[in-house]
Amino acid sequence: MTLTQTRTTIPEEARREGLLAVVIGRAVVAARHAGATLARAGRMVQGVVTPIGWSVIVVAVLALAGGYTWGWLELIALGWGLVALVAAASVWLIGRGAGTIQLVLPSPRVVVGEPAEARLIAANPGRRRFGGVQLELPVGRRIVERVLPGLPRGGVFDEQFTIPTERRGVVPVGPARTVRADPIGLMRREFVWSETAELHVHPRTVPINALSTGFIRDLEGTPTRDLTASDIAFHALREYVPGDDRRFIHWRSSAKTGTFMVRQFEETRRSRLMVLLDLDPGAYVDDAEFELAVSAAASVGARAIRDARTVSFVVSGRQPSAGPRRSAMRELPTVSRDRLLDALCLVEMATDAVMLPDVARAASETLAGVSLAFIVTGTARGVAPLRAAATRLPPGVESIAVQCSPEGEAHARTIAGLTVFGIGYLEDLRAMLARSASIS
């Protein structure tokens, strides 16, 4: 706004609203802008001054106030010395250290125990040289620290960091940040360069034979009482009506009766395979049993997805609390193998997990068409919960229980119609399923 505009505008507003009101309104607007500016400056200062720095500033202010109030030269010298120290520390905040920094995960998914790395690429596309700076990369619960050297024009710094994969889970990596701080620790300024990437450490799985082998009834599906003109299960013959598919005319019967006869079928629905993983910590002797159970269940689920089977992967729900009622089971995504294994990265035992028989009952009430069920658990509670869980499933469902005991002896037995596999290694599951399929 120019001086001429101001002179012409104020009288108009003054005549309309009064000069005092205009002055007060503009003063309020100016105060708001000043307050917003001070607030932004305050947030910036809070972001760079450390607790030690604030302590030094407070001591400097008190020393200067007391020194000038009481005339103590020692306090005045101390106060100005601390002010000079804070000013010198502020100089360390100048500069960014790089022009661009990229965080790259070559593979976002690995199997537990496999090597995994993150790659940091710092570059200086500008014209001036960047000085050295401290580089920090959070990896899980630890922080990897490196010194980023000075980068000349066009310079590039490329380094790889090892990511621990000793245990199944999701490891957050990043964000990559550079830190400028003084040696004393009064000031600290961070520049965030990347988003947080997630590395999924999948449970170990073993390739097993096709689950349909030996289970022909399960492969074909379950017949229903609904009749259809085209399916697998033959039902009867009936007279031809206009619109019927001529491919299903039974010519021999038509010749005998003198009337066109067509085949009629019972509609079949594709059966469902269910994998139930027990999350009750009381069912496992130690964490090693649980990890073996997760790997065994993941192997069965991954094979079923590869075979394009209709599969449901179920884990224990949580005991109802004082809040809204919770389901006794929780279903994991099975749209793809990676989605299932990604979900299994986050599965852990829970002290409030629903008991195995109640999970089986909830699954039987929720999931329709289950014909084959794998129940995977540990050895701490014995066989009784497995038998109870199998009885909660609908009649006609073939159940296979898998008890996991690391480095234990593999065995297979049948108890009251329930097949129980005891495995000590993941390869034992593959061998037992192949053996049972060949026997069937």
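The values are calculated or read from the model by the stated rules, or taken from the named source; none is laboratory data. As the structure is a prediction and not an experimental result, all values here were calculated from the model. Cβ atoms come from the backbone with ideal geometry, glycine included; neighbour counts cover every protein chain shown. Note: areas computed on protein heavy atoms with side chains; ligands, DNA, RNA excluded. Shrake-Rupley method; radii C 1.70, N 1.55, O 1.52, S 1.80 Å.
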Within the range 49-81, chymotrypsin sites (Phe, Trp or Tyr not before Pro) in DSSP loop having at most 15 other beta-carbon neighbours inside 10 Å
Trp72
Mean accessible surface per residue for the range 338-377, computed with a 1.4 Å probe while every protein chain stays in place, in Å²
35
Neighbours of Arg303 by Cβ distance under 12 Å: Lys/Arg at +1, Asp/Glu at -1, summed charge +3
Over the range 144-193, average the accessible area per residue using a 1.4 Å probe and give it in Å², no decimals.
49
